[in-house]
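Participant: Here's a structure for you.
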Amino acid sequence: MIELDSIERVFQVGDEEVHALKHVTLTIDKGEYLSIMGPSGSGKSTLLNILGLLDRPTSGTYRLDGIDTTSMGDNEQADTRRHRIGFVFQSYHLVPRLTAAENVALPLMLSGMAPKERHVIVEQALDNVDLLDRAEHRPDQLSGGQRQRVAIARATIMQPTILLADEPTGNLDHISGESVIEVLEALNKQGIILIVVTHDMDIGERAARRIRMVDGSISKDVR
Amino acid sequence: MQATDFIRLTLGSVFSQHLRSFLTALGIAVGVAAVVLLTSIGEGVHRFVLAEFSQFGTNILAVTPGKNTTFGMSGAVINTVRPLTMEDAEALKRVADVEAVVSVVQGNAEVEFGKRSRRTMIIGAGHAVPAVWQMDVEIGRFLPDDDPRNARAFAVLGSKMADELFGSRSPLGEIVRIAGERFRVIGVMESKGTMLGFDLDDTLFIPAGRALEMFNREGVMEIDLLYRSTANVDQLEEQISRLMQARHGYEDFTIITQEEMLETLGSILDILTLAVGALGGISLLVGGVGILTIMSIAVNERTHEIGLLRALGTRRRQVLGLFLGEAVLLSATGGFAGLVIGAGGAALLGLAIPALPVHTPWYFVLLAELMAVAIGVIAGVAPARRAASLDPVEALRAE
Ligand SMILES: Nc1ncnc2c1ncn2[C@@H]1O[C@H](COP(=O)(O)OP(=O)(O)OP(=O)(O)O)[C@@H](O)[C@H]1O
Ligand SMILES: [Mg+2]
């Protein structure tokens with residue numbers, strides 16, 4: 001469960017203060033499917049980064065399963081990200097010199113799992129996104145949709161409870177976007193919290209809960 | 001993260017940029033090769049010089065007249081120095097652990113046989129020369145153990161002297177004139193070659209007492225003594241010093257052991273080796289700058305990757321370790337290649353120019369490799385720290 005209470009995020013740009021988030025209060029239950037929409041610069045990515053513990057709010061509290069995350073140290077936040085949070089980015093962020101399987105295995109590698117143990121898990125994850133036959137391909141040998149599915153397999157390999165996707169279909173055509181969204185939704189059906197930031201109305205409308213952000217605040221929250 | 005994965009990841013990123021990794025490692029390789037090659041030559045010269053000096057044995061101790069604090073100069077610094085005498089030598093012979101004693105007087109004189117003559121170095125010495133200086137006669141015998149004050153007029157020729165004066169004839173039993181005096185040749189030394197450019201075979205040995213008269217000297221130039229290899233050198237030195245002081249009244253002599261001389265010589269040569277090594281070290285430093293540059297570029301290029309790693313829950317220290325690992329991998333492989341090139345080059349040089357002594361001691365090799373690794377760490381630490389300190393959001397957003 002995610003509890004945001006009066007989250008503010010202020011960026012200092014020169015002498016000016018940019019209020020990217022203004023008193024955002026939001027509660028998200030286990031297994032929810034949320035879409036966040038809104039005009040450019042409304043604070044969607046900033047909110048997602050804070051939810052993902054990549055960024056710290058200027059004020060307010062963020063509790064994850066009852067635990068206050070703002071008082072966590074750097075390492076504790078990193079460990080929480082590793083085990084509980086998955087990220088999917090618009091530009092995939094695959095490591096270009098690693099194969100699809102190695103990219104997927106990266107989080108397991110970093111957490112110290114032996115190659116033998118990893119093998120089965122990675123195969124399963126690639127199978128889930130329908131890319132088992134592309135395991136040994138490097139990212140530049142894959143299409144955009146395939147790359148994004150590799151990125152999803154990587155984001156979920158540690159079995160996180162939260163999956164954060166910032167415009168996951170932003171670089172994809174309609175059909176590949178569709179298949180990526182379907183993979184994400186399938187994961188949500190298995191119980192993961194899915195939060196998708198998108199500019200695409202059709203995709204946004206698919207979510208059970210739809211949030212609209214304007215100018216750093218939540219203007220609409222429809223279930 | 002497991003060690004094998006760590007190695008695979010760092011190897012992977014280093015290999016993905018093979019050309020520039022190769023060039024960076026080459027910078028270190030050249031530096032290490034220079035260090036290894038130069039120190040190999042330095043160490044070769046070191047060993048060569050020490051071997052030259054220790055061919056006369058290492059259990060030697062020399063007493064010379066005059067008291068000096070620095071060795072190298074000899075002779076009368078103090079006016080009241082009493083000469084070292086043959087009697088001093090006789091007395092030293094009786095000291096425990098002393099096996100043999102040679103009094104040495106040196107000078108130049110004309111040596112004649114028939115119509116041939118040659119000016120050469122005359123060494124006045126005693127019967128113990130073969131034992132003390134570890135040189136022996138080729139034919140005949142060395143000077144006999146005569147009463148030093150009344151030694152018979154015998155001479156022993158260096159091998160070159162024998163050749164020059166007698167050609168293929170046997171000189172044994174012949175009479176030569178040395179500075180006008182008649183000496184009977186009783187032996188010819190085996191060839192010793194040259195030492196640091198000085199021809200050891202172009203010499204002639206006569207009894208020390210006769211050399212004193214011939215060169216009109218009051219005392220001998222040096223008393224060399226051979227001690228048992230089991231002897232305690234410090235105690236022996238102390239004993240000799242006391243004996244000599246008792247005979248001379250005060251310390252107007254200097255005792256140098258061969259060991260001390262070799263040590264002093266050794267430390268001078270060590271400085272030489274170190275100096276040439278440092279010269280090579282400069283190019284190693286340049287190689288280090290190369291690593292610093294290339295790693296800074298790598299961190300800039302891979303900002304997204306760093307952001308991703310952080311998003312995946314990689315701790316800052318792990319990021320630091322990964323980039324440091326790459327820097328060390330570059331320097332360590334470069335260093336290893338440099339070792340092979342340097343040691344191989346030294347060996348080739350040794351083969352090509354036999355006159356140039358080269359020697360590559362393993363601890364220099366180890367030291368050079370450790371130095372390369374250390375340079376990798378030093379050069380890599382700043383870029384790696386920058387990578388670790390990047391803000392993950394900024395890193396992911398970077399253009
Ligand atoms: N690092 C930063 N420094 C200064 N201002 C920032 C920074 N990051 C975001 N902002 C500002 O915060 C506001 C919200 O940015 P954010 O990236 O969250 O918008 P967004 O809703 O994701 O927009 P888009 O739909 O274009 O991705 C913007 O006004 C942006 O300029
Ligand atoms: Mg955004």
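Every read-out reported here was derived from the displayed coordinates using simple, explicitly stated rules and does not represent laboratory data. Everything quoted here is computed from the prediction, not taken from an experiment. As a convention, Cβ positions derive from the backbone with ideal geometry for all residues, glycine included, and neighbour counts pool all protein chains shown.
Participant: Amide H of B:GLU99: which non-local residues (sequence gap of 5 or more, or other chain) have their own amide H closer than 5 Å, using H built in the peptide plane?
Facilitator: Close amide H contacts, sequence-distant or interchain: B:LEU226, B:TYR227, B:ARG228.
Participant: Whole Å is fine, so just give me how far the alpha carbon centre of segment A:192-223 lies from that of segment B:168-245.
Facilitator: 107
Participant: On to the next question. So what are chain A's ellipsoid semi-axes, whole angstrom, largest first, if each one is the square root of 5 times an eigenvalue of the alpha-carbon gyration tensor?
Facilitator: Ellipsoid half-lengths, sorted descending, are 29, 20, 16 Å.
Participant: Additional query: Regarding chain B, what is the average projected area of its C-alpha convex hull, in nm²?
Facilitator: Computing the convex hull of the Cα atoms and averaging its projections yields 27.7 nm².
Participant: Next up: Indicate the gyration tensor shape class of segment B:101-219 (rounded, prolate or oblate), computed on the Cα atoms with a ≥ b ≥ c the square roots of the eigenvalues: a/c under 1.5 is rounded; otherwise a/b larger than b/c is prolate and the rest oblate.
Facilitator: rounded
Participant: Something else: Can you compute the charge dipole magnitude of segment B:101-219 about its Cα centre, using +1 on each Lys and Arg Cβ and -1 on each Asp and Glu Cβ, nothing else charged? Give it in debye, rounded to the nearest 20.
Facilitator: Here the size comes out at about 320 debye.
Participant: Considering only DSSP beta bridges where both residues belong to segment B:101-219, give the percentage that are antiparallel (nearest 5).
Facilitator: In segment B:101-219, DSSP labels about 70 percent of beta bridges as antiparallel.
Participant: How large is the helix-only mean residue ellipticity at 222 nm for chain B, computed as the sum of -39500 (n - 2.57) over DSSP H runs with n ≥ 4, divided by its residue count, in deg cm²/dmol to the nearest 500?
Facilitator: Helices in chain B give a 222 nm mean residue ellipticity of -18500 deg cm²/dmol.
Participant: For the protein assembly as shown, give me the percentage of DSSP beta bridges that are antiparallel, rounded to the nearest 5 percent.
Facilitator: Taking every DSSP beta bridge with both residues in the protein assembly as shown, the antiparallel ones total about 70 percent.
Participant: Taking every pair of Cα atoms in segment A:1-124, average 1/r, invert it to obtain the Kirkwood radius, and report Rg/Rh to two decimals.
Facilitator: Dividing the radius of gyration by the Kirkwood radius yields 1.03.
Participant: Here is a follow-up. Out of all DSSP beta bridges in chain A, what portion is antiparallel? Express it as a percent rounded to 5.
Facilitator: Expressed as a percentage, antiparallel bridges in chain A total about 55.
Participant: Also, quick follow-up: Just want the ordering: A:LYS30, B:LYS115, from fewest to most Cβ atoms lying within 10 Å of their own Cβ.
Facilitator: Fewest-to-most Cβ neighbours within 10 Å comes out as B:LYS115, A:LYS30.
Participant: Can you list residues from other chains, or at least 5 along the same chain, whose modelled amide H is less than 5 Å from the amide H of A:PHE87?
Facilitator: Here the answer is A:LEU164, since their amide H atoms fall under 5 Å of that of A:PHE87.
Participant: Neighbour counts of other C-beta atoms within 10 Å: give me B:LYS160, A:LYS116 arranged from fewest to most.
Facilitator: Lowest count first: A:LYS116, B:LYS160.
Participant: Choose one of A:SER219, A:HIS93, A:ASN75: the residue whose Cα lies farthest towards the positive end of the charge dipole of chain A (beta-carbon charges +1 Lys, Arg; -1 Asp, Glu; about the Cα centre).
Facilitator: Most positive-ward Cα: A:ASN75.
Participant: Over chain A, with a Gaussian network built from C-alpha contacts below 10 Å, which listed residue (A:PRO57, A:PRO115, A:PRO139) shows the highest mean-square fluctuation?
Facilitator: Its mean-square fluctuation being the largest, the pick is A:PRO115.
Participant: For the protein assembly as shown, what is the number of Lys pairs with C-alpha distance below 18 angstrom, counting only pairs 8 or more positions apart or on separate chains?
Facilitator: Value for the protein assembly as shown: 6.
Participant: Using unit Cβ charges (K, R positive; D, E negative) and no other charged atoms, how large, in debye to the nearest 20, is the dipole of chain B about its Cα centre?
Facilitator: Using Cβ point charges on Lys, Arg, Asp and Glu, chain B gives about 1060 debye.
Participant: For peptide A:75-86, how many partner chain Cβ atoms fall within 10 Å of a residue's Cβ, on average?
Facilitator: The shielding value for this peptide is 4.
Participant: About the Cα centre of segment A:2-222, what is the dipole size in debye to 20, counting +1 per Lys and Arg Cβ and -1 per Asp and Glu Cβ, all else neutral?
Facilitator: Magnitude of the dipole: close to 300 debye.
Participant: From the phi angles alone, apply the Karplus equation (6.51, -1.76, 1.60; θ = phi - 60°) to segment B:321-331 and give each ³J(HN,Hα) in whole Hz, x where the residue is Gly or Pro.
Facilitator: For segment B:321-331, the Karplus-derived couplings read x, 4, 6, 5, x, 5, 4, 5, 4, 4, 6 Hz, x marking Gly and Pro.
Participant: Just to be sure I understand: if I project the alpha-carbon convex hull of the protein assembly as shown onto a plane and average over all orientations, what area do I get in nm²?
Facilitator: Over all viewing directions, the protein assembly as shown projects a mean Cα-hull area of 43.2 nm².
Participant: Per residue of segment B:82-90, in order, report the coupling 6.51 cos²θ - 1.76 cosθ + 1.60 (Karplus, θ = phi - 60°) as ³J(HN,Hα) in whole Hz, putting x for Gly and Pro.
Facilitator: The phi angles translate into 8, x, 6, 10, 4, 5, 4, 4, 4 Hz.
Participant: Mind checking Rg over Rh on segment B:216-335, alpha carbons, Kirkwood formula for Rh?
Facilitator: Here Rg/Rh amounts to 1.47.
Participant: Ok, one more. Going by C-beta contacts inside 10 Å, put B:PHE53, B:PHE336, B:PHE205 in order with the fewest on the left.
Facilitator: Taking fewest neighbouring Cβ atoms as first place, the list is B:PHE53, B:PHE336, B:PHE205.
Participant: Per residue, how much space in cubic angstrom lies within the convex hull of the C-alpha atoms of segment B:101-151?
Facilitator: Normalising the Cα hull of segment B:101-151 by residue number yields 115 Å³.
Participant: Okay, moving on. Determine ³J(HN,Hα), in whole Hz, for all residues of segment A:206-217 in sequence, where each value follows from phi through the Karplus function 6.51 cos²θ - 1.76 cosθ + 1.60 and θ = phi - 60°; x replaces Gly and Pro.
Facilitator: Here the 3J(HN,Hα) series is 6, 6, 5, 10, 10, 10, 10, 10, 9, 6, x, 10 Hz.
Participant: With n ≥ 4 as the cut-off for DSSP H runs, can you work out [θ] at 222 nm for chain A, using -39500 (n - 2.57) per run divided by the number of residues, rounded to the nearest 500?
Facilitator: Only helices count here, giving -11000 deg cm²/dmol.
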